Amino acid sequence: MRCSIEGCPGECEQRTVVHTVRHRGSIVVIEGVPAEVCSVCGHVLLTPETVRHLERLLEQREEPQRTAPLCRYA
Ligand SMILES: [Zn+2]
């Protein structure tokens, strides 16, 4: 699949990414999310199905499996 960024010649390939979302005021990092990633510019595209799955996951979320330090670009 062609990259959706205008002027980018890259091809998107199926990969798993680390996806970060803000949910109810807290930041949640989800590993192993299937996505199309551009080999040139790194643009990440999630399919609507994946987005829906992530939303369901967040709704059902219990305790996170692991926690990570969160740094802020200052
Ligand atoms: Zn691209």
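Can you find a residue that is more than 13 Å from the chain's Cα centre (by Cα) and over 26 Å from THR67 (Cα atoms) anywhere in region 15-27? Within region 15-27, none of the residues are more than 13 Å from the chain's Cα centre (by Cα) and over 26 Å from THR67 (Cα atoms). Among what's in region 30-74 and is within 16 Å of the ligand (Cβ to nearest atom) and out of contact with any Cys (no Cβ under 7 Å at 6 or more places or on another chain), pick the residue that is nearest to GLY10 (Cα to Cα). Looking at residues that are within 16 Å of the ligand (Cβ to nearest atom) and out of contact with any Cys (no Cβ under 7 Å at 6 or more places or on another chain), I get SER39. Working only within region 1-19, note down all residues that are within 11 Å of the ligand (Cβ to nearest atom) and basic (Lys, Arg). If the condition is that a residue be within 11 Å of the ligand (Cβ to nearest atom) and basic (Lys, Arg), then ARG2 is the only one that fits. Contact map, region 1-27: residues that are within 18 Å of VAL51 (Cα to Cα) paired with residues that are among the basic types (Lys, Arg) and surrounded by 12 or more Cβ atoms within 10 Å (Cβ to Cβ), Cβ distance under 8 Å, separation 6+ or inter-chain. Pairs shown: HIS23/ARG61. Looking for something of a type in the set (Ser, Thr, Tyr) and surrounded by 14 or more Cβ atoms within 10 Å (Cβ to Cβ) - is there at least one such residue anywhere in region 49-56? Checking region 49-56: at least one residue is of a type in the set (Ser, Thr, Tyr) and surrounded by 14 or more Cβ atoms within 10 Å (Cβ to Cβ).
A short reminder: the numbers here are calculations on the coordinates, not readings from a lab. For clarity, every value in this text was computed on a predicted model and none was experimentally measured. With ideal geometry, Cβ positions are generated from the backbone for all residues, glycine too; neighbour counts draw on all protein chains shown.
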